[in-house]
Amino acid sequence: MSAHSRGGSTVLTHTYRTCGEAGALAAVRVAASVTDPGFSFDEGLDSMSISTGKPARRRPTAGASGAIRREFGSDLVHRLDQLCSHGRSEGPVDLSRDYLAAAVAAAVGTLVGGPIVPALCAVYVGVRQRHLSNLTHECIHTKFTRSPRANRIFGHLITVTLGEPFTPYKRSHRVHHARLGSPDDPMLRSYISRNANRRWPDTTAFVVHVIIKNAAWELPKFGFLTLAAKSRDETWTAAVSRWTAWVAAIALAATCGHLTEFALYWALPLICVRPVITWLTDLGNHAGLIESDDPILQTRGWTSHALTRHLLGGHNDDMYHPIHHWCPNIGWRQLPAAADILRAEFPRWPEVPWCSGFFFRRRSTPDRPSVIEDIVVRLNSQTQQTRPIPGHHPAREERHERQ
């Protein structure tokens with residue numbers, strides 16, 4: 001490059017920084033007319049670039065892997081990428097709505113009293129805590145807002161209220177996506193440690209041994225250890241900060257005379273209810289499918305009536321989980337639109353495991369199995385039973401897998 005060219009580039013860069021894009025383009029127009037009277041600025045603009053020292057803003061994409069791109073084809077991938085161009089301003093509104101719903105449930109339980117209504121309200125708070133963890137999941141994939149920094153901040157704030165560290169969960173979830181179905185996958189490890197990766201004679205046996213027995217002890221223990229213990233890959237600074245925040249919240253509740261309400265309508269659901277809801281959705285996501293070699297068939301989607309969708313569907317990630325794994329950057333609001341596109345244009349869509357009803361087959365779709373039924377059938381069709389992973393310690397290794 002000549003000294004004249006280097007000098008021109010420096011001038012343009014300085015002009016851009018001081019006068020903006022319009023000033024820089026005007027300088028280019030003047031320089032071009034002086035050095036080459038026959039130069040057409042408008043014709044040459046497409047082939048020109050101005051070095052400003054600022055990286056170009058990357059166009060949002062759906063985040064499809066190479067294998068999924070080959071399955072879908074470039075045209076279909078482009079259509080899915082376009083879904084990611086929507087704004088991401090609703091995240092804080094979703095967050096406020098979930099916290100408000102939990103607060104209203106706690107207020108109703110406190111005002112009505114009695115044994116039944118407070119218990120139902122506490123369970124509903126646990127459901128909303130699961131919804132909040134879905135929003136943490138949005139932060140991990142940088143789709144809660146457009147700003148990566150804001151996603152990190154919101155992610156840390158949400159997980160503090162849920163009593164868990166953000167960074168270990170983020171690392172664990174990235175392993176889950178990158179190593180789905182491998183021995184390193186935290187989800188597969190949780191299935192193995194809780195007997196969700198073996199054959200069962202029928203759905204009743206599966207529900208009793210995999211859901212009810214785990215809900216009675218293993219899952220509450222898991223919830224308590226998540227809250228009270230330090231994660232293996234959590235820094236001491238982060239752990240102490242998290243515990244300090246909780247001690248401050250408990251002290252504030254006690255000072256205000258609401259320690260019982262805080263325990264009943266936040267801490268207890270966090271330990272006893274939210275882990276059970278998470279376990280149910282985790283089973284629906286991959287159980288019976290996770291070890292498939294075909295990425296199209298490793299994940300399950302489902303639909304159901306409005307109440308089940310609200311209680312277990314959260315912010316759509318669990319109901320549309322195949323699409324989330326194929327295109328992890330698509331926000332939860334756009335997942336139904338992505339499903340419509342794939343249903344119409346993806347030739348292999350009929351092969352995708354998609355259930356109707358979670359616990360029971362719906363009468364409106366008698367030809368489609370429920371989630372629990374589909375899990376049991378697929379587990380029983382496996383030729384080999386997966387053996388536990390040697391040296392596996394679920395209380396330490398699974399603590400922060402939430403999706």
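The values are calculated or read from the model by the stated rules, or taken from the named source; none is laboratory data. These figures come from a predicted structure and were not determined experimentally. Every residue, glycine as well, gets a Cβ built from its backbone with ideal geometry; the counts of neighbours run over all protein chains shown.
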Identify, please: which residue in the stretch 340-384 is polar (S, T, N, Q) and surrounded by 12 or more Cβ atoms within 10 Å (Cβ to Cβ) and is, among those, farthest from Leu289 (Cα to Cα)? Thr365
Quickly run through the stretch 134-179 and pick out the residues that are under 14 Å from Gly91 (Cβ atoms), small (Gly, Ala, Ser) and within 14 Å of the chain's Cα centre (by Cα). Gly155
Inside the stretch 258-267, can you point out the residues that are surrounded by fewer than 17 Cβ atoms within 10 Å (Cβ to Cβ) and out of contact with any Ser or Thr (no Cβ under 7 Å at 6 or more places or on another chain)? His258, Leu259, Thr260, Ala263
Would you say Arg387 is at pLDDT below 90 and over 26 Å from the mean Cα position of the chain (by Cα)? yes
Criterion (without any contact (Cβ under 8 Å) to a residue 24 or more places away in the chain and of a type in the set (Gly, Ala, Ser)) met by exactly one of Ala306, Ala337: Ala306
Given the options Gly87, Gly66, name the one that is out of contact with any strand residue (DSSP E or B) (no Cβ under 8 Å at 6 or more places or on another chain), under 14 Å from Gly331 (Cβ atoms), at pLDDT below 95 and not hydroxyl-bearing (Ser, Thr, Tyr). Gly87
Subset of the stretch 332-356 [in contact with a helix residue (DSSP H, G or I) (Cβ under 7 Å, 6 or more places away or on another chain) and either outside any helix (DSSP H, G or I) or β-branched (Val, Ile, Thr) (or both)]: Ile341, Phe346, Arg348, Val352, Pro353, Cys355
Answer residue from the stretch 147-166, given it is assigned to a helix (DSSP H, G or I) and small (Gly, Ala, Ser) and is surrounded by the most Cβ atoms within 10 Å (Cβ to Cβ) among those: Gly155
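Considering only the stretch 262-313, state which residues are closer than 21 Å to Val117 by Cβ and among the aliphatic types (A, V, I, L, M).
Listed by number, the residues that qualify are Ala263, Leu264, Ala267, Leu268, Leu270, Ile271, Val273, Val276, Ile277, Leu307, Leu311.
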Could you pull out the residue among Leu132, Leu162 that is on the phi < 0 side of the Ramachandran plot and touching a residue at least 40 places away in the same chain (Cβ under 8 Å)? Leu162
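For the stretch 358-380, give me each residue that is among the small types (Gly, Ala, Ser) and closer than 18 Å to Val210 by Cβ.
If the condition is that a residue be among the small types (Gly, Ala, Ser) and closer than 18 Å to Val210 by Cβ, then Ser370 is the only one that fits.
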Could you check His209 against (1) in contact (Cβ under 8 Å) with a residue 60 or more places away in the chain; (2) under 21 Å from Leu379 (Cα atoms) and say which number it fails? (1)
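Here is a yes/no grid of residues against (1) surrounded by 15 or more Cβ atoms within 10 Å (Cβ to Cβ); (2) out of contact with any helix residue (DSSP H, G or I) (no Cβ under 7 Å at 6 or more places or on another chain); (3) within 30 Å of Leu379 (Cα to Cα):
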| site | (1), (2), (3) |
| --- | --- |
| Lys213 | no, yes, yes |
| Ala216 | no, yes, yes |
| Pro220 | yes, no, yes |
| Ala229 | no, yes, no |
| Ser241 | no, yes, no |
Restricting attention to the stretch 167-197, and to residues there that are surrounded by fewer than 17 Cβ atoms within 10 Å (Cβ to Cβ) and among the small types (Gly, Ala, Ser), which single residue is farthest from Val127 (Cα to Cα)? Ser182
